[in-house]
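Every number here is computed from the coordinates shown, using simple stated rules; none is lab data. A quick note: this is a predicted structure, and the numbers were derived from the prediction, not measured. Because the Cβ atoms are built from the backbone with ideal geometry, glycine has one as well, and the counts that use them run over all protein chains shown.
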Amino acid sequence: MKKRYWYGLQKETNPIGFGCWQIAGSHSIGGLPNGWGEVDTKEALHILITAINSGIDFFDTAQGYNSGKSEQLLGEAIKQTKKDVIVCTKIVLTDDEIKKQTLDLNFSNRVEESLKRLEKDRLDILLIHNPPDNIRWTEFDYTQIQELQKSGKIGTFGVSARGLNGAKNVVEAKFGTVLEWVFNVFERRPVSNLFPLIEQNKFNFIARSPLSRGLINPKYLTNTPIFNDDDFRSTLPADWVEWTLDSLKKIHANGVAADDIIRQSILYCIQNKAVTSTIIGIRTTRQLEDILKMNTLNIHSECLNNNFLDGVPECFPKWA
Ligand SMILES: NC(=O)c1ccc[n+]([C@@H]2O[C@H](COP(=O)([O-])OP(=O)(O)OC[C@H]3O[C@@H](n4cnc5c(N)ncnc54)[C@H](OP(=O)(O)O)[C@@H]3O)[C@@H](O)[C@H]2O)c1
């Protein structure tokens, strides 16, 4: 499979990456669920080790995924496999940092915490996690990040943006070299709104939510999703879920076989040359096995026909 190049690291990875939010287990933030439900720690470790040994070489995690549990599991898996994989983690700015437009003196300590949990000397990619969309990055003092980069503690940096405007804002300000945002068959605005900027500015793009929070699943052609209280998806807007499921039925009606829906949706993301990594949130061993089966196909050279998206708006109309 053709590898993708990271400008800020001078390294390459496979187009399919691993999103580690799902394996963090149940947790909440501000009284609301922020995880995807309970995950057995042994299984989570097994999934990560199998993924690494099978050639997945890009992992996206965050301090906020169960207070660093996902970072810690990833660190353990990397230690056990002794493989060189690229790790991207995320740190949330404090209210004070946002207000003062500068990083707190202890920012480097927060980076050290991630390094410790990941058992690494260097964070390949450090992203600012979900900052407000209107931050003026050109005026933001990020000297500490630049110093961490000079000292080799981080490879490169960027932002995992909240909204589309925030995503554009990052690339236009040339804040770092990496942008993470949503990209999937039902959120295609990046194609015209971000990818030209990404390519022009030699940024790398990480496509998150490639399976639209797991709603891109043939079982939802006939069943209505029911999410447990400890699954953050129980808090998703009902009108968005309904639109997504209607759109799923539309692409099926447009000719995508039920058992090919997940594969086609992943292909849609990875076929775009502006996308460096498509990070799939894998929650079970079975899901990993299924993804690996798709990954063994020579998918990079397949000529994709996107007619199956005819009549499907490029995003949830309320958000357009
Ligand atoms: N702001 C941010 O920075 C941010 C926000 C969102 C995500 N992310 C990153 O992006 C990653 C992925 O995006 P996402 O969390 O939105 O999730 P996603 O990848 O769109 O969907 C994940 C869900 O897809 C389902 N799934 C996975 N593999 C499958 C398979 N082989 N067959 C059937 N279903 C499968 C699972 O659903 P079930 O659980 O229902 O089985 C899983 O929970 C996260 O892990 C995280 O690293 C970052």
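For D124, what charge total do you get from the other residues with a beta carbon under 12 Å from its beta carbon, if Lys and Arg give +1 and Asp and Glu give -1?
0
Connecting C-alpha atoms closer than 10 Å in a GNM of the chain, tell me which of N204, N193, N106 has the biggest fluctuation.
N106
Projected onto the charge dipole of region 4-319 (+1 at Lys/Arg Cβ, -1 at Asp/Glu Cβ, origin at the Cα centre), which of A62, C269, Q287 gives the Cα projection farthest towards the positive end?
Going by the charge dipole, the pick is C269.
What pairs in K42/K168; K83/K293; K11/K168; K11/K69 have C-alpha atoms more than 30 Å from each other?
Among K42/K168; K83/K293; K11/K168; K11/K69, the Cα-Cα distance tops 30 Å for K42/K168.
Can you sort V85, V178 so the residue with the fewest Cβ neighbours within 10 Å comes first?
Going from sparsest to densest Cβ surroundings: V85, V178.
Find out how many positive minus negative residues lie around Q149, taking Lys and Arg as positive, Asp and Glu as negative, among other residues whose Cβ is under 12 Å from that of Q149.
Values: positive: R122, K150, K153; negative: D124, E147.
Taking every other residue near Q149 into account, the sum is +1.
Taking the mean number of other Cβ atoms within 10 Å as a proxy for protection, how do you rank 59-70, 117-128 from highest to lowest?
Going from most to least packed, we get 59-70, 117-128.
Treating only the Cβ atoms of Lys and Arg (+1) and Asp and Glu (-1) as charged, compute the dipole magnitude of region 4-319 about its Cα centre; round to the nearest 20 debye.
With only Lys, Arg, Asp and Glu charged at Cβ, the dipole is about 460 debye.
Give me the net charge of S160's neighbourhood, meaning all other residues with Cβ under 9 Å from the Cβ of S160; Lys, Arg count +1, Asp, Glu -1.
Spelling it out: positives minus negatives among the neighbours equals +1.
May I ask you to derive the relative contact order of region 4-319, considering only C-alpha pairs under 8 Å and at least 6 residues apart, and to give it as an integer percent?
Once divided by the residue count of region 4-319, the mean separation gives 21 percent.
So which lysines can K219 reach, going by Cα to Cα under 18 Å and dropping same-chain residues fewer than 8 places off?
K249, K250
If only Cα atoms are counted, what is the Rg of region 217-317, and what is its Dmax, in Å?
Radius of gyration, then largest Cα-Cα span, for region 217-317: 14.6, 42 Å.
Would you work out if the chain is rounded, prolate or oblate? Take a ≥ b ≥ c from the square roots of the eigenvalues of the alpha-carbon gyration tensor; rounded if a/c is under 1.5, else prolate when a/b is larger than b/c, oblate otherwise.
Numbers: a/c = 1.43, a/b = 1.31, b/c = 1.09.
Verdict is rounded for the chain.
Calculate the dipole size of region 1-88 relative to its Cα centre from +1 charges on Lys and Arg beta carbons and -1 charges on Asp and Glu beta carbons; express the result in debye to the nearest 20.
It works out to roughly 340 debye.
Treating only the Cβ atoms of Lys and Arg (+1) and Asp and Glu (-1) as charged, compute the dipole magnitude of region 170-226 about its Cα centre; round to the nearest 20 debye. Please report the intermediate quantities before stating the final value.
Numbers: 7 positive and 4 negative charges, 28 e Å.
For this selection, approximately 140 debye.
Looking at S108, T222, S192, which one has the Cα that reaches farthest to the positive end of the dipole of region 4-319 (charges on Cβ: Lys, Arg +1; Asp, Glu -1)?
With unit charges placed on the Cβ atoms, the residue in question is S192.
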